[in-house]
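Take a look at the structure below.
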Amino acid sequence: MKSLVRYIRFCNKFKNRNIPRLKFQVLNERYSYYYRNIYDINQDNIYRASFIVFLSTFSAIIFLSLVLLELNFLIIILYSFFISLILSYRFNLILFHDIKKNESEINAILHLIKIDFSLIQKTLKKNSDSCISFIKLIKDYKIPISGEFNYIFKKIHEGDTPENELLKVITPSKDFNRYLRDLIVNNFEFRDKYEDFKENTLEQNFKIYLKEIQSKISIVFFIGVFFPIGLCFLILFQLINPIILIFLIPFFLYLLNFLSSRFVHKNSYLIGLLERNSSIKKKKFNEFLIFLKSYAMNLKNNISPEKAFLNSYTQNKYSYQILKQPLKNQVSRLLNYDCSFHDIIQFFKLELNSIRYSIILETIDKFVSENAMFSSEKIIDIVNLVHRHQKLEKKLEIILKGEKFKIFFFIFLLPILIGAISGMFPFFGLMRNNINSIFPTFSFSVSNLVNVYYIILLSIVFISSISITSNNFLNIINYKKKFLIILISNLIFILTFISSFFNTINMI
C-alpha cells in the first residue's frame, strides 16, 4: 500500500505540466471514477509520468550500453527503445492492475455475499431495515470495499439516508454494481434464489481463458524453443558479444516466467479452484466438501451447531484421511473444553491455514450465528458453487494433459538440436575466417586456455537455457519430478555436443 501511495505521489508531481503523454490504456467510467475519487489522481498525470519513465530509462540504457558494450549504435537504440517501452508500460498500469485485483477479490466473494444476504433476508423481521443489514454485511467482510461501506454506515448515523448513499457507490466490480442496483430497484425484497447465482465475470473470464490457453501455450513453446536455437546461431556466426551472453540468460528466464504468468498460470480467484495444486491438496479439499455436506444435513435435523459438527465427524470418520487429525482436534476441544462453535471455527481455520478454507468457514460461521436452522440450504449452495468451479478446473486439467506429449517432445528435442548445432562451431569458424581459428581474437587450440574458457562459457549458457526452458515447460503441466527430467535433458545436450564437436573436428 505504501508503494502505491508513493506511486500516486510521484505521478501527481506532473499535474498540469506541459509534458507529452504516453497513453497505454483507455479507461472506462468505473476505472476513471476510481482514479479520481478513491485514489485522487487524474489518468493524464500517469500518462505524463509514464513518458518521464520512458525517457529516463531510454537514456540510461543507451548510456550504459555505450560505456560497457561494443555494439552497433542502431542495435543499442532498438533494444533500449523496446526495454524502455516495456518498463513504462508496466509503470503505466500499476494502478490499473491494483484496481483489477480488487475487482477480482470482490467478484470472488460475491456469490458468498449473495448467499449470506439471502439468509439474512429470510430471517429478518418484517419491520427490519434490509438496506442497513446489507451495509453491515459488506462492512464486516474483508474485501477492498469494506472500508467504503464502513464510512457509509457512519454517515447514516449522522442522519444520511442509506439508499441515497448506496446510489453513489461505484465499485471496481461491475457484477457487484449490478447486484447492488438490483437490490435498490427491488427495495431489498427477499428473493430466495437471487439470479439463481448465475455465472459472474470471473467464471466467464475463466471460460474464455480455457478457450485461449492452447494458443498461449504455443507462444510460450515458440519462445522457449527458438530463443536458445537463435542464440546458438548468433554465437556461431559471431554476431553477439560474449559479455551479452551473461545478461541474456536472466533476461530469458524473466521473459519465460512473465509469459507463463500472463498466459498460463493466471490467478483466477475462484473459490472452488485449486489449479496447479498437488493431488494431496485436492483430496484434502474434497474431504472438506464431504464434511460441509454432512454438516448441512445434520443442521437440517434442527440440532445445535456443535452437535452437528460432532455428528459430521463421527458419521464420516473413515472418509477423512488428510482432514482426520484437524477434525479430531476440534472434536476434542468441543468435548473437553466446552468451546463454542465460533471458537471451533477459529481453531479449524488456523489448522487448515488456507485463504479458501478461511473464507468458506467464516461465511458458515456467519450463517450459523444468524440462523442455524436455515443455514443448511445455504451451506449446500456454497458446496454447489464449489462443484461448479471444480468442473471448470477439470476442463483445464484435460487441456493441460493434452499438452503433455508436446511438452516432453520439445524438452528432449531441444538439447539434441542445440547440441548438434553448437558442436559444429569449428566448421563455421573455418568457413568464416578461412583459417584454422574460430573467432578473430581466439586461436582454435584445445591447449589454448582462452578457448577452453570460452567453450565452458558457451556450455553454461546452453545448459542454462535448456534448463530454463525445461523447467518452464514442466511447470505448465505441474510435473513434480522436474529435476530428473532436466538432468536427462542436459545430459542429452552434453552427449550430443561432444559427439558433434569431435565429428566436426575429424571432418576438418
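Values computed for the structure shown
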quantity	calculated
P(r), alpha carbons of the stretch 32-166 - 5 Å bins starting at zero, rounded %	2, 9, 13, 12, 12, 10, 8, 7, 6, 6, 5, 4, 3, 2, 1, 0, 0
Fully extended contour minus Cα-Cα distance, from Ser369 to Phe226, at 0.36 nm per residue	45.6 nm
The chain - accessible surface per residue (Å², probe 1.4 Å)	52 Å²
Spin-label model distance (nm) - Lys122 vs Asp40, 7 Å beyond Cα toward Cβ	4.4 nm
Rounded to 10°, Cα long-axis angle of helix 130-140 versus longest principal axis of the chain	40 degrees
Helix 375-402 vs. the chain, principal-axis angle (Cα, 0 to 90°, nearest 10)	20 degrees
For the chain, with +1 on Lys and Arg beta carbons and -1 on Asp and Glu, the positive-most of Asn164, Gln330, Leu22 along the dipole	Gln330
Exposed GluC sites (Glu not before Pro) absent - longest run of the chain, DSSP non-H/G/I/E/B, at most 16 other C-beta within 10 Å	200-508
Relative contact order [Cα under 8 Å, 6+ residues apart], the chain, whole percent	14 percent
Test item: Cα-centred dipole of the chain, Lys/Arg +1 and Asp/Glu -1 on Cβ, debye	360 debye
Integer Hz, Karplus 6.51/-1.76/1.60 couplings in order for the stretch 179-185, x for Gly and Pro	4, 5, 5, 5, 4, 5, 4
Taking all pairs of distinct alpha-carbon atoms in the stretch 1-49, Kirkwood radius in angstrom	11.1 Å
Distance between the stretch 375-410 and the stretch 324-342 - C-alpha centres, whole angstrom	32 Å
Members of Lys114/Lys174; Lys174/Lys198; Lys15/Lys174 lying beyond 22 Å, as alpha-carbon distances in this model show	Lys15/Lys174
Rg to Rh quotient for the chain, alpha carbon positions, Kirkwood Rh	1.08
Accessible surface of the chain [probe 1.4 Å, protein heavy atoms]: carbon and sulfur percent	60 percent
The chain, helix-only ellipticity at 222 nm - DSSP H runs n ≥ 4, -39,500 (n - 2.57), divided by all residues, nearest 500	-25000 deg cm²/dmol
Most positive-pole-ward Cα, Ser128, Ser56, Ile152, against dipole of the chain from beta carbon charges	Ser56
Packing-based order for 124-131, 492-499, 471-478, using average beta carbon neighbours within 10 Å, highest first	471-478, 492-499, 124-131
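The values are calculated or read from the model by the stated rules, or taken from the named source; none is laboratory data. The structure presented is a predicted model; accordingly, all values stated were derived computationally and were not measured. All Cβ positions, even for glycine, are placed from backbone atoms using ideal geometry, and neighbour counts span all protein chains on display. Surface areas here come from the heavy atoms of the whole protein model, side chains and all, with no ligands, DNA or RNA. Shrake-Rupley method; radii C 1.70, N 1.55, O 1.52, S 1.80 Å.
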